[in-house]
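The values are calculated or read from the model by the stated rules, or taken from the named source; none is laboratory data. Quick caveat: nothing in here was measured; it's all calculated off a predicted structure. Note that we place each Cβ from the backbone using ideal geometry, even for glycine, and neighbour counts take in every protein chain shown. Heads up: the accessible areas ignore ligands, DNA and RNA and are worked out on the full protein's heavy atoms, side chains in. Shrake-Rupley method; radii C 1.70, N 1.55, O 1.52, S 1.80 Å.
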Amino acid sequence: MVKRNIVGKIQMRNDTADTWERKNPVLDVGEIGYDITNKRTKIGDGNTPWNDLFWFSTETTPNFATNTWSVIEEYSKKGTADKVYSIGDEKTIELTTGEQVTLVILGFNHDYKATGGTAGITIGMKGLLNDKYKWLTVDDNSCSWKDSYIRTNTMKKLFSLLPNDLQEVIKAVLKKTNIHNDSIEIVTTEDKLWLLSIAEIYSHKAIENSLWNEIRENCKIYNDEGEQYEYWKNKIHDQDPHNGSIELEKSNIDWWTRTPFATITSNGIWYVNHVGMINSSYKIPYYGVSFCFCI
């Protein structure tokens with residue numbers, strides 16, 4: 001309902017984001033509601049509850065490159081992102097450090113949110129960050145993804161460098177990773193930023209038929225870490241992880257996956273080397289990072 005304050009100004013209905021979500025009211029036709037937390041507006045239609053209304057925007061054409069993150073989030077929440085965007089669509093952002101990062105759509109309705117249901121869009125980097133990063137703080141690769149320095153420290157730091165409007169729409173999702181070193185156990189973590197697993201880059205068929213014995217003989221363990229994203233399916237098909245070649249911007253730099261060795265006695269982490277083939281690391285070098293997230 002429109003209100004007039006004591007000096008005759010018009011004041012629209014307003015409240016905090018938490019209160020709007022909790023009360024979830026139905027706004028009258030044309031009634032405006034203002035979220036004072038996120039400084040965004042919705043307009044009622046007399047029928048749709050607040051949580052299901054789109055944010056008001058002057059943008060009329062779906063375009064991943066130019067749409068705001070709040071608009072992209074609305075398409076994702078409505079389950080229509082795959083109707084208005086395409087695998088491989090790109091968008092450039094600037095980190096708080098000033099570094100420009102090109103993002104790309106990897107898949108739709110692929111990952112499961114920690115709160116339930118699927119996330120509408122999975123997004124990754126088209127290339128690598130300028131800096132290189134280490135897996136652990138000591139010269140030992142014995143740690144799993146769950147407890148690794150790169151997950152518990154680096155990913156959190158990188159998240160804080162993202163634009164605030166992007167941080168607000170990223171959803172925590174469930175990621176599966178083997179715990180490393182002679183174990184078939186898979187651990188599930190909740191992550192807002194994560195690294196790709198072998199199975200999210202390569203197809204299950206390619207992993208099962210790999211010429212590298214370690215990958216082929218432990219294909220079930222690696223395949224339990226996820227499904228190949230459509231983006232990578234379009235680029236590399238059933239390419240052998242060890243003998244194929246994948247491309248990223250700055251791909252002359254080796255870059256980490258989140259997949260530890262499954263059964264090799266010596267501890268280590270799989271990475272993609274500078275010529276685009278999967279390889280193994282037994283020490284703690286500084287490698288490139290290409291992170292992913294969901295909306």
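With the simple spin-label model, which puts each label point 7 Å out from Cα in the Cβ direction, the Ser160 to Thr92 separation comes to 2.8 nm. Backbone geometry of the stretch 44-53 corresponds, through the Karplus equation with coefficients 6.51, -1.76 and 1.60 at θ = phi - 60°, to 3J(HN,Hα) couplings of x, 10, x, 9, 8, x, 3, 5, 9, 7 Hz, x marking Gly and Pro.
Could you tell me which of rounded, prolate or oblate describes the stretch 45-95, using a ≥ b ≥ c as the square roots of the eigenvalues of the alpha-carbon gyration tensor, with rounded for a/c under 1.5 and, failing that, prolate when a/b is larger than b/c and oblate otherwise? Present the calculation step by step, with values, prior to reporting the outcome.
Working: a/c = 2.32, a/b = 1.77, b/c = 1.31.
Prolate, since a/c reaches 1.5 and a/b exceeds b/c.
Accessible area per residue for the chain, computed on protein heavy atoms with a 1.4 Å probe, is 48 Å².
For the stretch 94-184, just say rounded, prolate or oblate: build the C-alpha gyration tensor, square-root its eigenvalues into a ≥ b ≥ c, call rounded for a/c under 1.5, and beyond that prolate if a/b exceeds b/c, oblate if not. The shape class here is oblate. Most tightly packed first, judged by the mean number of other beta-carbon atoms within 10 Å of their residues, the peptides 188-199, 116-127 read 188-199, 116-127.
With all pairs of separate Cα atoms included, the chain yields a Kirkwood hydrodynamic radius of 20.7 Å. Overall form of the stretch 149-198: prolate. Here a/c, set by the Cα gyration tensor axes a ≥ b ≥ c, is 1.5 or more, and a/b is the larger of a/b and b/c.
Over the stretch 115-246, what relative contact order in percent results from Cα pairs under 8 Å that are six or more residues apart? Walk me through the numbers on the way to the answer.
Details: 157 pairs, mean separation 24.9, N = 132.
Averaging sequence separation for qualifying contacts and normalising by length gives 19 percent for the stretch 115-246.
Note on the chain: with neighbouring protein chains present and a 1.4 Å probe, carbon and sulfur make up 47 percent of its accessible heavy-atom surface. Counting only alpha carbon atoms, the long axis of helix 69-78 and the longest principal axis of the chain meet at about 90°. Taking a threshold of 22 Å on the Cα-Cα distance, which of the pairs Lys192/Lys220; Lys132/Lys171; Lys126/Lys157; Lys156/Lys233 fall above it? Result: Lys192/Lys220; Lys132/Lys171; Lys156/Lys233 exceed 22 Å.
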